[in-house]
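A.B. asks: Next up is a structure, given as structure tokens.
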């Protein structure tokens, strides 16, 4: 197989099919969120052969609507302001043109990809590494919670793309450790979060370290009014893309269950026994409730990981890594993982605690039904949540229906994986829960799992905790081990 193009006597189509044959085809049905395109192919963007090969090997077949709109404009170097739904391919929409415009022969940081959370930074760097694996480029991810020493050592070697959170990149750039003077591409993913009051001063200081002639691209599902101020100040005649005819994903069916607080765990247990869950994410509104619920789920006999902001970064990394790899079916977390996290094996999202605002709800729901596939969102509503439910429905223009006694599996399960109800009943009678066996990982997700994430070596190894760092961290390590013996946090 030649990276440079088709072999002698081989057509373009045959070359492409030969590459894609190595990645299993994803047979799950998709919605118009990603299928309503102009009919372009990735070859129509005149990308490098090496980049095309990485795209096809990752299981990408055709560009999604946001990719069709953004990639050709981004390749010209123009600033972009793009708004599209969660899970429709925004990451590849900016990673592909950023990779195309790189010069691997220049040992300089040529692109900075800014994201609001550490898990999203790891995921984005993995996308860069996977799509650009034949380009000879070096990708570095840097976030808070890891030692600065590792980053200094890494930056002594060539780096072409720097992916990370604002505080850490500013720290490296401000101290002269990372030279951003030749960085021509600046991308902000989840831009609405990055332009919130907590991040805006840091982002503006970062931009001051970049050359005046640069390309600025903003991507998000929601754009608050503050984006206009940033656009007027830092962007030059940006090309605006808005693919948000409606806010919520077409493939996600949304229900609510009206319960009392003390009935929530019992209700969750009922959902586990009746739903065909491939992987699920369960959201709580506080870190304390995350750990308590994870222990309850484990006591009920289900496999469960948990993650929240107060955990050691190495523990968070390990949970994220293992859950993506299919080591566990259920993940309990705070709203730490509502932003941009793409785990296509997740087909059910449960709000154990109902969110307080529409923006959080929108991002939670967007963790299922990724890239036009089907998903299910279930919200446990108490008497105190009733006004929030009504307000969120009004703000998002969606209908969250009462949960029926039986949910049609065709609404959220891959047709080839649907099991008969009789089989589930039989399992329950034999004392076997419905979540036995490993989750099914879609081919496109598997392609990214096969690419290691280039961070420090403690990414997949739990780092011994230094008790001198403070009381909270020491207790967290202890509780992480006690809460669930199966958890590899």
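A.B. asks: Within the stretch 79-91, does at least one residue satisfy the condition of being part of a loop (DSSP other than H, G, I, E, B), in the same structural domain as residue 137 (by TED's automatic domain parsing) and closer than 19 Å to residue 238 by Cβ? If you could, list the steps in order and put the result at the bottom.
C.D. replies: Step one: filter the stretch 79-91 for residues part of a loop (DSSP other than H, G, I, E, B), giving 79, 84-89.
Within this subset, residues satisfying the condition of being in the same structural domain as residue 137 (by TED's automatic domain parsing) are 79, 84-89.
Pick out the ones that are also closer than 19 Å to residue 238 by Cβ and you get 79, 84.
Looking through the stretch 79-91, at least one residue is part of a loop (DSSP other than H, G, I, E, B), in the same structural domain as residue 137 (by TED's automatic domain parsing) and closer than 19 Å to residue 238 by Cβ.
A.B. asks: Please tell me if residue 437 is in a loop (DSSP other than H, G, I, E, B), surrounded by fewer than 18 Cβ atoms within 10 Å (Cβ to Cβ), over 20 Å from the mean Cα position of the chain (by Cα) and modelled with pLDDT under 60.
C.D. replies: no
A.B. asks: Here's a follow-up. Are any of the residues in the stretch 104-123 part of a helix (DSSP H, G or I), buried (at least 24 other Cβ atoms within 10 Å of the Cβ), touching a strand residue (DSSP E or B) at 6+ places or on another chain (Cβ under 9 Å) and at pLDDT 95 or above?
C.D. replies: no
A.B. asks: While we're on this one: Could you please find all residues in the stretch 252-266 being outside any loop (DSSP other than H, G, I, E, B), surrounded by 15 or more Cβ atoms within 10 Å (Cβ to Cβ) and more than 24 Å from the chain's Cα centre (by Cα)?
C.D. replies: If the condition is that a residue be outside any loop (DSSP other than H, G, I, E, B), surrounded by 15 or more Cβ atoms within 10 Å (Cβ to Cβ) and more than 24 Å from the chain's Cα centre (by Cα), then 256, 257, 258, 264, 265 are the ones that fit.
A.B. asks: When residues of the stretch 180-229 are filtered for being at pLDDT below 90, over 22 Å from residue 123 (Cα atoms) and surrounded by 18 or more Cβ atoms within 10 Å (Cβ to Cβ), how many remain?
C.D. replies: 2
A.B. asks: Tally up the residues in the stretch 28-38 that are over 28 Å from residue 102 (Cβ atoms) and either more than 21 Å from the chain's Cα centre (by Cα) or without any contact (Cβ under 8 Å) to a residue 12 or more places away in the chain (or both), please.
C.D. replies: 1
A.B. asks: Restricting attention to the stretch 61-72, which residues are buried (at least 18 other Cβ atoms within 10 Å of the Cβ) and part of a helix (DSSP H, G or I)?
C.D. replies: Selection gives 65, 66, 67, 68, 69, 70, 71.
A.B. asks: Mind telling me which of the residues 81, 135, 47 ends up being more than 26 Å from residue 313 (Cα to Cα), in contact with a helix residue (DSSP H, G or I) (Cβ under 8 Å, 6 or more places away or on another chain) and without any contact (Cβ under 8 Å) to a residue 60 or more places away in the chain?
C.D. replies: When all the criteria are applied, what remains is 47.
A.B. asks: When the stretch 1-55 is examined, which residues are found to be at pLDDT 70 or above, more than 30 Å from residue 243 (Cα to Cα) and in a loop (DSSP other than H, G, I, E, B)?
C.D. replies: 11, 21, 22, listed by residue number.
A.B. asks: Test of understanding: among 165, 142, which residue is surrounded by fewer than 24 Cβ atoms within 10 Å (Cβ to Cβ) and either under 26 Å from residue 312 (Cβ atoms) or modelled with pLDDT under 95 (or both)?
C.D. replies: 165
A.B. asks: Considering only residues of the stretch 92-103 that are in contact with a strand residue (DSSP E or B) (Cβ under 9 Å, 6 or more places away or on another chain) and outside any helix (DSSP H, G or I), which is farthest from residue 162 (Cα to Cα)?
C.D. replies: 101
The values are calculated or read from the model by the stated rules, or taken from the named source; none is laboratory data. Note that the coordinates shown come from a computational prediction; the quantities given were computed from them, not determined experimentally. As a convention, Cβ positions derive from the backbone with ideal geometry for all residues, glycine included, and neighbour counts pool all protein chains shown.
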